[in-house]
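Shown next, in structure tokens, is the structure this report addresses.
The values are calculated or read from the model by the stated rules, or taken from the named source; none is laboratory data. Keep in mind it's a predicted model, so treat the numbers as computed, not measured. Backbone-built Cβ (ideal geometry, glycine too); neighbour counts: all protein chains shown. Accessible surface is based on the protein model in full, side chains and every heavy atom, while ligands, DNA and RNA are left aside. Shrake-Rupley method; radii C 1.70, N 1.55, O 1.52, S 1.80 Å.
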Amino acid sequence: MKDHIEELLIQALLHLQRDGVLPKGQEIAPQVERSRSAEHGEFASNLAMVLAREAGRSPRELAQEIINRLPNSRQVERTEIAGPGFINFFMNRCALYGVIKDVLRDGKRYGHAIARRRQRVTVEFVSANPTGPLHVGHGRGAAYGASLAAILEAAGHIVQREYYVNDNGRQMDILATSVWLRYLELCGEQLRFPHNGYHGEYIYDIARLARSEVGDKWRFPGQNVLDDLAPDGPGGQAEVHIDALIERARTLLGDSGYRTFFDAALDTILKDIHDDLSEFGVEFDLWFSELELERSGAIQHAIDRLQQNGHLYVKDGATWFRASALGDEKDRVLTRENGRTTYFASDVAYFLNKLERGFEHAIYVFGADHHGYIARLQAAARGLGEDPESLEILLVQFAVLFREGEKVQMSTRSGHFITLRELREEVSSDAARYFYVMRSHDQHLDFDLDLAKSRSNENPVYYIQYAHARISSVFRNLDQMDLTHNIPIGEAALDLLGEAHELELMRAISRYPEVIESAARLRAPHILAHYLDLLATEFHAYYNAHQFLVDDENLRNARLNLILAAQRVLADGLGLLGIAAPEEM
RNA sequence: GCGCCCGUAGCUCAACUGGAUAGAGCAUCGGCCUUCUAAGCCGACGGUUGCAGGUUCGAGUCCUGCCGGGCGCGCCA
């Protein structure tokens, strides 16, 4: 419907340009929005106010000129000029009835669009280091990223979901070494476990797995392992110690032995993350390995590009990227003195790789603590000679869990954090998916565990799902009462739907395409979450006020058409958020 | 210290990137089940949008300065 109003306005403006009221050759982008209150009609446009100056007319005068040139439309009941120069559009009921028909005809495509500017876009999210299970902090990024990707797709874009696997860093070496040490313990060696190693129970599981495959092949006496090593201790000492341990592991195990533990750790944890996310309704099209980035020469390729563009210099034996000249606060090292490339070099290469794979837009979903990345990645984009606009970083603020009104304390250091899996088991994946995205991504989130698992009307997830289930229930009752639902009869009788509740519900349904469009444009799944809550409210109110299964065949079928349309939209919206739409509850 | 994000009803949050009278849920108070699922509905109460200026037809939204909260500032990953 909104599209229709915009089209009418464009026609009127073209007419005005021909008549010389407005300067020619200007881009026309009519601004139409939903009115807040019914007295202002369905839609309002501020076009006359925006263009008044260049037309040399008062806003209200120009508004009249625009209205005079609006093409006739069967959907528009009337227009009016209001306030300082708004043009209000009052829609015909036929327009609303048309929406019901659209939904029933289009099925799953209703509300989904072919974007005006269709983009090929990659959405990278989660990308947690594969050094342990996902925790609740990753959950929000997962829920947000997955919902956003689905919404972008619904809005007509071509979307690829990517997980960047950090399988190349020092943390991975610490992980592999930790596994080996636990393995030695299982073999019966007595060792002091390093302060900065990975202490989680799951390390034993991986070590056990490795041992079941290789037996005692990589067992060494504990003394040989720790002999002459820099001592462990708090602070910097621990860092030196763990690095020395890694070196020792490499020396004693050799390439093949080291890989045994490295791969066991990586494979096990990555599979766990994959399964965890899958159970959370989050799937990726591509798991992109950082290690592969190095092997394929992509990192060198990116560095070469920066070199060609004259953005590199050498200082203290390291290769630096002159990021400070491109908007970053300082220059960044790409190749360290020891010859190894930095994590940042991989980031640059990965970005370039995304563009070279044919994506014109790269979205990154990061935790709020990564905001320092924005400037440096944009500098990299500029340095590569690419449009910095092609890169978009979305920061997701932290979620704080509350149980019985108390903040749930968590710290990664103590290894005392709640995993995503635990959260899902406690409150269900559906509730978690909804709660994670019900707030704007740039807003801190208070996650109320008790509310999320409560089976009550206060819980928005159940409230929305209940609306869907209730509609299914109505159709089940229809069968039991030996009545039938005939869609064509209902369509012929739609004009019987004139109750206030019915009109409100139809208006809500008619907004769905706009909701998807703005949720996609603003990268804001919470807009969809709120909308579904509102749609459920309209349905429940209608349900309580009127009977659907009435004797009058025409009225009954018309009402069933309406609630079926509502159900389709509920199901589709829940689907985009990764939440089930149950038939019964 | 510098930089980024946030501040809206008692609480948790919306407000479609500048529009008309700032909206929901919870909490509090009062109603509705012999009728398609009460996991539901209806009503009441609740605001100087942190503070002070500025920009304009018009500001919760934009600009400046304060106040308060979160996060970040490694040849770490």
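Observations on the structure shown:
- The condition (being free of Cβ contacts under 8 Å to residues at least 40 places away in the same chain, of a type in the set (A, V, I, L, M), outside the structural domain of A:ALA500 (by TED's automatic domain parsing) and more than 12 Å from RNA strand B (Cβ to nearest atom)) is satisfied by just one residue among A:LEU8, A:LEU14, A:LEU51, A:LEU96: A:LEU14.
- Qualifying positions in region A:527-544 - more than 6 Å from RNA strand B (Cβ to nearest atom) and either open to solvent by 30 Å² or more (accessible area, probe 1.4 Å) or among the acidic types (Asp, Glu) (or both): A:ASP533, A:LEU534, A:GLU538
- Screening A:LEU401 against (1) open to solvent by 40 Å² or more (accessible area, probe 1.4 Å); (2) farther than 18 Å from A:ASP442 by Cβ leaves a single unmet condition, (1).
- With respect to (1) of a type in the set (Asp, Glu); (2) more than 31 Å from the chain's Cα centre (by Cα); (3) modelled with pLDDT of 95 or more, the lone exception for A:ASP227 is condition (3).
- Filter result for A:LEU522 (more than 8 Å from RNA strand B (Cβ to nearest atom) and within 37 Å of the chain's Cα centre (by Cα)): no
- Of everything in region A:318-336 that is out of contact with any Leu (no Cβ under 9 Å at 6 or more places or on another chain), modelled with pLDDT of 90 or more and assigned to a loop (DSSP other than H, G, I, E, B), the residue that is nearest to RNA strand B (Cβ to nearest atom) is A:ARG336.
- Just one of the numbered conditions (1) over 30 Å from A:SER346 (Cα atoms); (2) within 7 Å of RNA strand B (Cβ to nearest atom) is not true of A:GLN397: (1).
- Just one residue in the set A:ALA452, A:ALA467 is surrounded by 13 or more Cβ atoms within 10 Å (Cβ to Cβ), more than 19 Å from the chain's Cα centre (by Cα), of a type in the set (Gly, Ala, Ser) and closer than 19 Å to A:ARG559 by Cβ; that residue is A:ALA467.
- Any hit, region A:77-85, residues being in the same structural domain as A:LEU9 (by TED's automatic domain parsing), within 13 Å of RNA strand B (Cβ to nearest atom) and closer than 15 Å to A:GLN31 by Cα: yes
- At least 2 residues being free of Cβ contacts under 8 Å to residues at least 24 places away in the same chain is the threshold, and among the helices (runs of 4 or more DSSP H) wholly inside region A:499-563 those reaching it are A:525-545.
- Residue list for region A:361-374, restricted to those being of a type in the set (Gly, Ala, Ser) and more than 7 Å from RNA strand B (Cβ to nearest atom): A:ALA362, A:GLY367
- Number of the condition not met by A:GLU356 [criteria: (1) under 30 Å from A:ARG140 (Cβ atoms); (2) more than 8 Å from RNA strand B (Cβ to nearest atom); (3) open to solvent by 30 Å² or more (accessible area, probe 1.4 Å); (4) of a type in the set (D, E, K, R)]: (1)
- Unmet criterion (only one of (1) touching a Pro at 6+ places or on another chain (Cβ under 8 Å); (2) open to solvent by 40 Å² or more (accessible area, probe 1.4 Å)) for A:ALA519: (2)
- Every residue from region A:452-475 that is of a type outside the set (S, T, N, Q) and either free of Cβ contacts under 8 Å to residues at least 12 places away in the same chain or away from RNA strand B (no atom under 12 Å from the Cβ) (or both): A:ARG455, A:GLU458
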